[in-house]
Amino acid sequence: EAGVVQSPRYKIIEKKQPVAFWCNPISGHNTLYWYRQNLGQGPELLIRYENEEAVDDSQLPKDRFSAERLKGVDSTLKIQPAELGDSAVYLCASSLSWGITDTQYFGPGTRLTVL
Amino acid sequence: DQQVKQNSPSLSVQEGRISILNCDYTNSMFDYFLWYKKYPAEGPTFLISISSIKDKNEDGRFTVFLNKSAKHLSLHIVPSQPGDSAVYFCAASDSNTGKLIFGQGTTLQVKP
């Protein structure tokens, strides 16, 4: 069974440019998460989707970040415009459903460098 | 406000010996705890978990211990193998939010 797929794996952009990350979760997983991992830190949740509905986006910087999960399958996270402090690894994860015992499976992440 | 802390950035052990990774938390509402392992250029993978109603959970070479009064959990790997070399993240969640809060990670190196 294929795992969580993310693209691109690496992205280098100049500040003020837009960037987008794509995620395809494990088939059948209703819950999708976007995390940001800064250097030397653990992942931090940005947004959680239940099917196509964003149910927890309290940590998403809404002035420049947006996300969507059309049709409740794959998802896109966008930053516009990017700032130097956005350099990080952006991880997508999915789980069968939402619950503390539902294992979250992570993709390999997209490493973003903003120059 | 770091609710989950892994105070040791790195740990080095000899192959065959025990590895002990530690994690402390501050939120008494946390009732489920997990350990994830991460290799370079890969996403974290689930390793083992424990509910707050237990104080120990074992899976092969991996055992997690939970001390609720001290708000402390630890991961024991016995015996350690070179393939265990990775970054280990402790994470915690509570039943209300279900949100995973991760520690900063500990890099384990197992020397042959």
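A short reminder: the numbers here are calculations on the coordinates, not readings from a lab. None of the values given here were measured: they were computed from a predicted structure. Because the Cβ atoms are built from the backbone with ideal geometry, glycine has one as well, and the counts that use them run over all protein chains shown.
Wrap a convex hull around the Cα atoms of the protein assembly as shown, take a quarter of its surface area, and give that in square nanometres.
Result: a mean projected hull area of 12.5 nm².
With a cut-off of 8 Å between alpha carbons and a minimum separation of six or more residues, what is the relative contact order of chain B in percent?
37 percent
Rank A:W22, A:W98, A:W34 by mean-square fluctuation in a GNM of chain A with C-alpha springs under 10 angstrom and give only the top-ranked residue.
The residue with the greatest mean-square fluctuation here is A:W98.
Would you list which lysines come within 28 Å of B:K111, measuring only between C-alpha atoms, while excluding same-chain residues fewer than 8 positions from it?
Excluding near neighbours in sequence, the set is B:K5, B:K37, B:K38, B:K56.
With 10 angstrom as the radius, rank A:R64, A:R9 by how many other C-beta atoms surround their C-beta, starting from the fewest.
Result, fewest neighbours first: A:R9, A:R64.
If one computes the Cα centroid of segment B:53-112 and of segment A:39-115, what distance in Å separates the two points?
24 Å
If you wrap a convex hull around the alpha carbons of segment B:43-112, what volume per residue comes out, as a whole number of Å³?
For segment B:43-112, the hull spanned by Cα atoms encloses 106 Å³ per residue.
Dipole magnitude of the protein assembly as shown about its Cα centre, charges +1 at Lys/Arg Cβ and -1 at Asp/Glu Cβ only, in debye to the nearest 20?
Approximately 540 debye in magnitude.
Setting aside same-chain residues fewer than 8 positions from A:K11, which lysines have a Cα under 20 Å from its Cα?
In chain and number order, the partners are A:K78.
Net charge near B:C23: determine it from the other residues with C-beta under 12 Å of the C-beta of B:C23, scoring Lys and Arg +1 and Asp and Glu -1.
Here the count lands on +1.
Around A:E14, with a cut-off of 14 angstrom between Cβ atoms, what is the net charge of the other residues, counting Lys and Arg +1 and Asp and Glu -1?
Net charge in that neighbourhood comes out at +1.
Below 12 angstrom from the Cβ of A:S97, what's the summed charge of the other residues (Lys, Arg +1; Asp, Glu -1)?
Summing Lys/Arg as +1 and Asp/Glu as -1 gives -1.
Taking the dipole about the Cα centre of chain A, with the C-beta of Lys and Arg at +1 and of Asp and Glu at -1, give me whichever of A:V55, A:P25, A:P81 is farthest to the positive side.
With unit charges placed on the Cβ atoms, the residue in question is A:P81.
Only Cα pairs within less than 10 Å get springs; with that Gaussian network setup on chain B, which residue of B:F46, B:F30, B:F102 has the largest fluctuation?
Sorting by GNM fluctuation, first place goes to B:F46.
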